Amino acid sequence: MKRTVAEINQRIKDGDVVVMTAEEVIPYVQSEGVERAAKEVDVVTTGTFGAMCSSGAFLNFGHSEPPIRMQRVTLNDVPAYAGIAAVDAYIGATELKQGDHSEYGGAHVIEDLIAGKPVRLKATSNGTDCYPRKDIDTYVSLNSMNQAYLFNPRNAYQNYAAGTNSSERTLFTYMGKLLPSYGNVTYSSAGQLSPLLNDPTMRTIGIGTRIFLGGATGYVAWEGTQFRTNVETSFGVPMGAARNLATIGDMRDMSPDFVRALYLHGYGTTLALGIGIPIPILDEDMMKAVSVSDEHLFAPVVDYSVQSRNRRPIKQVSYAELRSGRIELFGKEVRTSSLSSYLKARQIAEVLSERIENGEFTLTEPVAPLPQDRSQGTLEVRSKEDAI
Amino acid sequence: MAKKKFMLGFSPELVNEAIVYRLVKDYDLKINILRAEVKELGGRLLMEVDGKASNIKDAAKYLNECKVDVQELANYVEKNEERCTHCGVCISICPVEALTMERPTWMVRYDPEKCIACGMCIDACPPGAMKFRI
Ligand code: SF4
Ligand code: SF4
């Protein structure tokens, strides 16, 4: 059985495309077999909703009278990067509001804008002959800006280590609150619903792939930062952080239901983002890949009290175990928590299915593939000569 | 029989009173102390009381007479359903399983009856959905 993206799009147009979510397809393949399922189903939709720190927005505010070349910009007192053209700025999710102990950051500015709220813009400049104005204090919103799009350098990690804590004190990490003496385990993946776990070698996902991003239609822009392929696999699927995507999409079409600011106590702010990717069932291999279930997807458990980049995994656990609410560590039952929302991941896969069935969303072939062979380097304190 | 949770506030001179003993002995209440703090300005005691409704009422009256500040803790901690993303971060944090993952809906349910107002979930909840009332 072979099927092309063009054929799938024709079926979408004709209104007879068959779509299932990556969760629904599991029992279907179990009862019908891969061959039959591949024949019947054209597209399988995936979804994830989790904290994605490497996210942010490019904004263009429009020109004031007289014009200003903004050099220092804040949005609701959160600094944005303005070292680009006059009235362009980039606001990153983890940037914190100025002042002590703020629980408000760039992610909140992004959520507020998407929710349609006005945001206070303050900018200063040294002034130039062509841009004489030296400061401005005003309000902007999604309606008032010329462009406002998320451009996220790293989203939708293929897989991620689960965290625990062997130390005597509670740790506040980007993996959440980790209770002392292996008091709990936190993990962050939609497992069997997760986009890149359903196409582990990225056969169908590449540059230009159309995706669901925060409720809007977005695109894969590039390989994500720290993209790597040399990760140990089990059943052909990476068992740790491997591939990920740089994504882009218009904030105007996004919904606060799928873009949510988070504050991780003791760590800072980050953005929870909903991403969904449709997987075209090109052949039986693809159907086999998308029918993977939580029993066959694994994550390493690492100890976050080890303050080093080389944390050795304590053990590998399946997402079925993690999702059961308890896993066994050193002979003791430990409760587990997810940082990403399985409920929202499921909603995203369902919404994407509906959009495809209704002909509102068609599939794309990658404009260019993502790297097939990439490793990840480290940062050393080195001399100028050694850096080359 | 009734089960209720109370937060008792004491002034420093009351810290030495055998209040809990009286509650058990005179009002026949089963008492489960959930949290206790003693500071310079007095103390606070969070307890669950189990007993006859009329006895609980009389006990509260006795405490008031002793100048103990008595507050019933019904819905002391609130979950904002709009903010909650149903991630489940809180479920391994809550010591009494007042927050649980409902299956197969994968929605996180909060049972205020079980909550002992320990506050553990409040700084753990990433979107800030769990908050103390007041
Ligand atoms: S941690 Fe907060 S957002 Fe997550 S399920 Fe619990 S209450 Fe909801
Ligand atoms: S305050 Fe404590 S007992 Fe109440 S829900 Fe939160 S963690 Fe559970």
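The values are calculated or read from the model by the stated rules, or taken from the named source; none is laboratory data. Because the structure is predicted, anything quoted here is derived from the model rather than measured. Ideal geometry is used to build each Cβ from the backbone, glycine not excepted, and the neighbour counts take in all protein chains shown.
Structure values in brief
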read-out	value
A:GLY274 in contact with a helix residue (DSSP H, G or I) (Cβ under 7 Å, 6 or more places away or on another chain) and in the same structural domain as A:ARG11 (by TED's automatic domain parsing)	yes
Enumeration of residues in segment A:337-359 that are farther than 22 Å from A:LEU282 by Cβ, of a type outside the set (A, V, I, L, M, F, W, C) and not in a helix (DSSP H, G or I)	A:SER337, A:SER338, A:SER340, A:SER341, A:ASN358
Selected residue [of a type in the set (D, E, K, R), more than 16 Å from A:GLY183 (Cα to Cα) and touching a residue at least 12 places away in the same chain (Cβ under 8 Å)] from A:GLU354, A:GLU360, A:GLU365	A:GLU365
Tabulated pairs, segment B:103-121, first under 15 Å from A:SER341 (Cβ atoms) and free of Cβ contacts under 8 Å to residues at least 60 places away in the same chain, second more than 11 Å from ligand 2 (Cβ to nearest atom) and aromatic (Phe, Trp, Tyr), C-beta under 9 angstrom, 6+ apart or interchain	B:TRP106/A:TYR342
Count - residues of segment B:34-57 that are on the phi > 0 side of the Ramachandran plot and not in a strand (DSSP E or B)	0
Selection count, segment B:75-108, where residues are within 12 Å of another protein chain (Cβ to nearest Cβ) and either touching a Cys at 6+ places or on another chain (Cβ under 7 Å) or within 18 Å of A:ALA345 (Cα to Cα) (or both)	21
Of residues in segment B:101-134 being more than 7 Å from ligand 1 (Cβ to nearest atom) and under 18 Å from A:GLY50 (Cβ atoms), the one surrounded by the most Cβ atoms within 10 Å (Cβ to Cβ)	B:MET101
Residue that is nearest to the other protein chains (Cβ to nearest Cβ), among those in segment A:330-355 that are over 21 Å from the mean Cα position of the chain (by Cα) and buried (at least 18 other Cβ atoms within 10 Å of the Cβ)	A:THR336
Enumeration of residues in segment A:132-157 that are out of contact with any Phe, Trp or Tyr (no Cβ under 9 Å at 6 or more places or on another chain), closer than 30 Å to A:GLY218 by Cβ and surrounded by 18 or more Cβ atoms within 10 Å (Cβ to Cβ)	A:LEU142, A:ASN152, A:ASN155, A:ALA156, A:TYR157
A:PRO300 being in the same structural domain as A:GLY191 (by TED's automatic domain parsing) and within 21 Å of A:ARG210 (Cα to Cα)	no
Candidates A:LYS177, A:LYS122, filtered to the one that is surrounded by 19 or more Cβ atoms within 10 Å (Cβ to Cβ), over 18 Å from the mean Cα position of the chain (by Cα) and assigned to a strand (DSSP E or B)	A:LYS177
Strands (runs of 3 or more DSSP E) lying entirely in segment A:1-118 (those with 2 or more residues that are under 27 Å from A:LEU245 (Cα atoms))	A:19-21, A:43-45, A:48-51, A:56-60, A:78-80, A:88-92
Qualifying position, being in contact (Cβ under 8 Å) with a residue 40 or more places away in the chain, surrounded by 14 or more Cβ atoms within 10 Å (Cβ to Cβ) and within 16 Å of the chain's Cα centre (by Cα), among B:ALA74, B:ALA60, B:ALA98	B:ALA60
Test for A:THR217: is it within 14 Å of another protein chain (Cβ to nearest Cβ) and in a strand (DSSP E or B)	no
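The rows are residues; the columns are (1) farther than 27 Å from A:GLY268 by Cα; (2) within 24 Å of the chain's Cα centre (by Cα); (3) in the same structural domain as A:TYR157 (by TED's automatic domain parsing).
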site: A:SER54; (1), (2), (3): no, yes, no
site: A:PRO66; (1), (2), (3): yes, no, no
site: A:LEU75; (1), (2), (3): no, yes, no
site: A:ILE84; (1), (2), (3): no, no, no
site: A:THR94; (1), (2), (3): no, yes, no
site: A:VAL109; (1), (2), (3): no, yes, no
site: A:GLY116; (1), (2), (3): no, yes, no
site: A:TYR131; (1), (2), (3): yes, no, no
site: A:THR138; (1), (2), (3): no, no, no
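For every residue, the table says whether it meets (1) within 17 Å of A:CYS53 (Cα to Cα); (2) of a type in the set (Gly, Ala, Ser).
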| residue | (1), (2) |
| --- | --- |
| A:MET145 | no, no |
| A:PRO153 | yes, no |
| A:ASN159 | yes, no |
| A:GLY176 | yes, yes |
| A:SER189 | yes, yes |
| A:LEU193 | no, no |
| A:GLY208 | no, yes |
| A:GLY215 | no, yes |
| A:GLY218 | no, yes |
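Residues are listed down the side, and each one gets a yes or a no for (1) within 14 Å of chain B (Cβ to nearest Cβ); (2) closer than 16 Å to A:SER55 by Cβ; (3) more than 15 Å from the chain's Cα centre (by Cα):
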{"site": "A:GLN226", "(1), (2), (3)": "no, yes, no"}
{"site": "A:VAL231", "(1), (2), (3)": "no, no, yes"}
{"site": "A:SER234", "(1), (2), (3)": "no, no, yes"}
{"site": "A:ALA242", "(1), (2), (3)": "no, no, no"}
{"site": "A:VAL259", "(1), (2), (3)": "yes, yes, no"}
